[in-house]
1. Identify, please: which residue in the stretch A:273-313 is among the charged types (D, E, K, R) and assigned to a loop (DSSP other than H, G, I, E, B) and is, among those, nearest to A:Tyr407 (Cα to Cα)?
2. Filter the stretch B:550-588 down to the residues that are closer than 17 Å to B:Lys21 by Cβ and part of a helix (DSSP H, G or I) and list them by number.
3. Pull up the stretch B:504-515, narrow it to residues that are buried (at least 22 other Cβ atoms within 10 Å of the Cβ) and within 8 Å of chain A (Cβ to nearest Cβ), then point me to the one that is nearest to B:Ala416 (Cα to Cα).
4. Based on what the data block shows, is A:Gly144 modelled with pLDDT under 95 and crowded, with 18+ Cβ neighbours inside 10 Å?
5. Within the stretch A:339-394, work out how many residues are among the small types (Gly, Ala, Ser), surrounded by fewer than 21 Cβ atoms within 10 Å (Cβ to Cβ) and either touching a Cys at 6+ places or on another chain (Cβ under 6 Å) or assigned to a helix (DSSP H, G or I) (or both).
6. Examine the stretch B:16-30 for a residue that is among the basic types (Lys, Arg) and free of Cβ contacts under 8 Å to residues at least 40 places away in the same chain, and state whether such a residue exists.
7. Are any residues in the stretch A:1-55 over 30 Å from the mean Cα position of the chain (by Cα) and among the β-branched types (Val, Ile, Thr), and if so, which ones?
8. Restricting the stretch A:355-369 to residues that are among the charged types (D, E, K, R), in contact with a helix residue (DSSP H, G or I) (Cβ under 7 Å, 6 or more places away or on another chain) and facing chain B (nearest Cβ under 9 Å), which is nearest to A:Ala480 (Cα to Cα)?
2 protein chains.
Amino acid sequence: MNARAMVRTSVEMFQESLITKERALLRFEPLILEQLLVPQLSPDFRGKPLAQGLPASPGAASGKIVFDADTAEARGRLGEKIILVREETKPEDIHGFFQAQGILTSRGGKTSHAAVVARGMGKPCVSGCEQIVINDVTRSAIIGDTTLHEGDVITINGSTGHVYVGEVPTVEAEFSGEMATLLAWADEVARLKVLANADTPEAAAKARGFGAMGIGLCRTERMFNGTDRLPIVQEMILAETPEQRQAALDRLLPIQRSDFKGIFKAMRGLPVTVRLLDPPMHEFLPTAAQLELEIAHLHQLRDTIKGLEELPDTLKLLNPKLYQQYSDGLLKLMGGLHTFKESHLEEDVISKKETILKKVRALAEVNPMLGHRGVRLGITYPEIYTMQIQAILEAAALCAKEGVEIYPEIMVPQVATVEELKRIHSYVQRIHKVVELTHGINVKFKFGSMLEVVRACVRAGRMAETAEFFSFGTNDLTQAVFSFSREDAENKFLPAYNETGILQDNPFEVLDIKGVGQLMKMGVERGRQTNPDLKVGICGEHGGHPGSIHFCHHIGLSYVSCSGPRVPIARLAAAQAKLLEGEYQDPS
Amino acid sequence: MNARAMVRTSVEMFQESLITKERALLRFEPLILEQLLVPQLSPDFRGKPLAQGLPASPGAASGKIVFDADTAEARGRLGEKIILVREETKPEDIHGFFQAQGILTSRGGKTSHAAVVARGMGKPCVSGCEQIVINDVTRSAIIGDTTLHEGDVITINGSTGHVYVGEVPTVEAEFSGEMATLLAWADEVARLKVLANADTPEAAAKARGFGAMGIGLCRTERMFNGTDRLPIVQEMILAETPEQRQAALDRLLPIQRSDFKGIFKAMRGLPVTVRLLDPPMHEFLPTAAQLELEIAHLHQLRDTIKGLEELPDTLKLLNPKLYQQYSDGLLKLMGGLHTFKESHLEEDVISKKETILKKVRALAEVNPMLGHRGVRLGITYPEIYTMQIQAILEAAALCAKEGVEIYPEIMVPQVATVEELKRIHSYVQRIHKVVELTHGINVKFKFGSMLEVVRACVRAGRMAETAEFFSFGTNDLTQAVFSFSREDAENKFLPAYNETGILQDNPFEVLDIKGVGQLMKMGVERGRQTNPDLKVGICGEHGGHPGSIHFCHHIGLSYVSCSGPRVPIARLAAAQAKLLEGEYQDPS
């Protein structure tokens, strides 16, 4: 029975008094709802699949066949929709994944490289489709009597493993009335609240549509990356004096304030947790390689133009008659060149890029994931966090004035020591006083800490003296507990670890209860020893995984926060966790 | 009173029955012995210092003044001895540190960037020497009436903060009779054993001279880096088939075996813990940037030669008479070019480099410290660890046959899961059987795990079912617990953290008892719950720091292992830890 039918019959069986609400909530695995929450083949479609592989990453996608990652990257960049088709994928194919709509492999299981990486990226994947014989030389694939060439369009359905010739119409996720009914029952039962991760008013509104009870993680760096903001952010980073930096921040402040106002309004009546800037500064600048290339091209262009500029004099010397004949045209050409040079090749265009390159090199890090980021930026550049805190509290004040009911929360990322949290708290208290005075209104907010650094879990007892809430960042915490960099691990050795049985699951998808879970437990226990009412949640990707949600319920978390489309799954899982709590066995 | 006098009077006061041995051992801070264990100014030297700064990193060094990091790097690479002199240093100066003998700054304290980085590198540093006025434009420094120019030689004494004009003779560390006596008393008292980190028979012998009771960490990657081995290691990495890889490993095997034999013999009667390969593969290959440069140069050279080769024909055409006159010389020149091209510019020289470049790019990682390294290599390339284990056990068998008393130990790095350890243990058991059969002799050894990944500390109870010993790698563990990359942290924000009081110490120098220490405690307790006799040590740099040694004693470690010259400090600290154990207060 498919997910849609499951949901419908569950609701109907209760309405016909055949089962209780509790039974209705326990009839199926929450994960099967995923089918209803990713793009699907159009239900009217009656075509026959050409081949059947393994459903390795859900969702449907169409695109032109491409047989290698380089071509996928090149054509994808041109805006073409691409399905990467390979015997199996390897770490060196990763750039092809980024540009592909979906991935199809003829070999490998649900833990193959292709499957793991596609799931990580949220892209559809059919793996181990063994009927397909790929010929890299003729750039074609044979399936039974059919031969497909590079550029032919196919459609894959990662939820079923089916492969179709041609483009099959797809439909976006849908949210039926029965689903709404069932999930409303789930919310009555569950003890865990389900919040969403969202960074824009639109995403927040969408998440609210999925039943999110607030925003558990609003990442401010997404706002920094907007095309209208990035130049100002870069100005701030490249500033040579505190005054220059402040000038850039002064321009960012109203933008951030209006971002926050939009999100607070979209979530009126519900909490919104804003995380202060997390990624390292160099993420907002182009890479050194890109800048080097651009600078080399500019130099080359300048040399070429210099050569062209000598053309009239040379011609005059060699053939005065010819020169006379074309002198008008030549002068115009020279004028054009001059204008071009003026506007595009000014000395300072190159030297500006050279300045950025120098800064990029100075900011370069060996292990950026463990580098100068999160609260470490907040301590070394107080003016950045100060601006963000001011934007949040001013947005809150403005909403309050307009009578919008708001519950803003300020969250500090990458905290490792009690002193870091206290330092940022002191900024917040100072700014809060100023904002209340300036706006003449009470502004309520909560102040809390991410628990994503191992040391923060160990020191949670002391952290809870300053933090009013904790939120586990289980992606970073998993990286720190395993000493695995997610990107490197999924690309280099996790598939082999899964295939040879070293690990049963990918710990970045399924929470590692025996390791990471123990630190979470420690964080909750120590935090609540200091403050029994401490709100504790999780905002890593695991917050949307049913098995992890059972564990979160078990250790007494207050909420889980996950991506918008995962909210329905999490709501059902939260209800099941409550209903089955008596049977829960801690695997550790 | 200086260190030498302290040691002497302590011994004499006991000999004159003025104090007990215990009192003699408690008379001074072990760290003051450091003065006697780094290069010193010659005791005959009577010169007057030119200036006085802060003793920021101990030891004496002479070299030519250089005022910026780029020049320091350029001249240092040419083999010149350099002292980097700057107002203050910044992260972008780091390449200058590598090439300098020592660092002198006119500003900044003992926690300034210069001080922290120099101590981390074990290089002498005088900081905050405010009498020096540096003029970057004239490339000179003025101290009172003296003007020093770039290239002038100075000597700095990082133990006292003194700066001298010219080269002052220095003496290597010395180990007096009184010191030997005092440390022998220390060994009688201490419960902790003190071992050394050493990678060669020479370093092992030297450490034994400092009183090391074994080798706690022998890093096999140092052996891979030797100039005679590196080409074979690169062959192994670049191998395209398992057979090619095995062929390279077969050549490495006898080399590693003889390395281990040398170390076992140097340490006869004492344990030697060999750590299997730890760093990621790309560390054994040139960087992508270097290869790109080399390839570009080779192409350029080939084009130039191509141009030269056309010279005779062009000359023949333009001026046959001149050509006739010089044809002999020209022919010889062309012959020379041809030979040069044959030997240096064959198509495959460039294409070989291009192959390496491709591999380097495939192996590139975002966060190499958390990437494909340690036991993860051992799982994905079993043949590498297999070769190393075979080399260790065969070396042990050969020593045993020769009647050399040996205690070899095999240690696995970067372990995060019980399954990883079991997998490597299965390799060891299989190879052990074969070696015993082949050599017809019993080979005793111990098998153990590094505890440097957070998860390994959490899972220590299960780890101890397979491991006969644990060794804390507190450098990596500190990185994981704080989510700090050491290099990035010390370069970017740790100095600011120290200066603004977020952290009292650099956690890479002084063990963070409140965070890292809690995980160590957990590791010891859980491990000993499974096996009360479990041997547990520490082989990170902290093993040589007195404060950390007190904590190691307190949590019941069996040994500390540190760099050779730190062994005397650790021996005294271990005795003091025992004598003062009643007064120990856990800061956590």
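1. Going residue by residue through the stretch A:273-313, those that are among the charged types (D, E, K, R) are A:275, A:278, A:283, A:292, A:294, A:302-303, A:306, A:309-310, A:313.
Then keep just the ones that are assigned to a loop (DSSP other than H, G, I, E, B); that gives A:278, A:310.
Details: A:Asp278: 22, A:Glu310: 68 Å.
Per the criteria, the residue is A:Asp278.
2. First, the residues of the stretch B:550-588 that are closer than 17 Å to B:Lys21 by Cβ: B:568, B:571-581.
Listed by number, the residues that qualify are B:Pro568, B:Arg571, B:Leu572, B:Ala573, B:Ala574, B:Ala575, B:Gln576, B:Ala577, B:Lys578, B:Leu579, B:Glu581.
3. We begin by selecting, within the stretch B:504-515, every residue buried (at least 22 other Cβ atoms within 10 Å of the Cβ); these are B:507-508, B:511-512, B:515.
Checking which are within 8 Å of chain A (Cβ to nearest Cβ) leaves us with B:512, B:515.
Details: B:Asp512: 21, B:Gly515: 19 Å.
Ranking the qualifying residues of the stretch B:504-515, first place goes to B:Gly515.
4. In short, no.
5. In the first step, residues of the stretch A:339-394 are kept if they are among the small types (Gly, Ala, Ser); the result is A:343, A:351, A:362, A:364, A:371, A:374, A:378, A:391.
From what is left, the residues that are surrounded by fewer than 21 Cβ atoms within 10 Å (Cβ to Cβ) are A:343, A:351, A:362, A:364.
Subsequent filtering for residues that are either touching a Cys at 6+ places or on another chain (Cβ under 6 Å) or assigned to a helix (DSSP H, G or I) (or both) retains A:343, A:351, A:362.
Summing the residues that are among the small types (Gly, Ala, Ser), surrounded by fewer than 21 Cβ atoms within 10 Å (Cβ to Cβ) and either touching a Cys at 6+ places or on another chain (Cβ under 6 Å) or assigned to a helix (DSSP H, G or I) (or both) in the stretch A:339-394 gives 3.
6. Initially, the stretch B:16-30 is screened for residues among the basic types (Lys, Arg), giving B:21, B:23, B:27.
Checking which are free of Cβ contacts under 8 Å to residues at least 40 places away in the same chain leaves us with B:23, B:27.
Yes: one or more hits.
7. A:Thr9, A:Val11, A:Ile19, A:Thr20
8. To start, the set of residues in the stretch A:355-369 that are among the charged types (D, E, K, R) comprises A:358-359, A:361, A:365.
Filter once more, so that each one left must be in contact with a helix residue (DSSP H, G or I) (Cβ under 7 Å, 6 or more places away or on another chain): A:359, A:361, A:365.
Now drop any that are not facing chain B (nearest Cβ under 9 Å), which leaves A:361, A:365.
Details: A:Arg361: 26, A:Glu365: 17 Å.
The selected residue is A:Glu365.
The values are calculated or read from the model by the stated rules, or taken from the named source; none is laboratory data. Values in this document were obtained by computation on a predicted structure and should not be read as measured data. Heads up, the Cβs are rebuilt from the backbone with ideal geometry, glycines too, and the neighbour counts pull from every protein chain shown.
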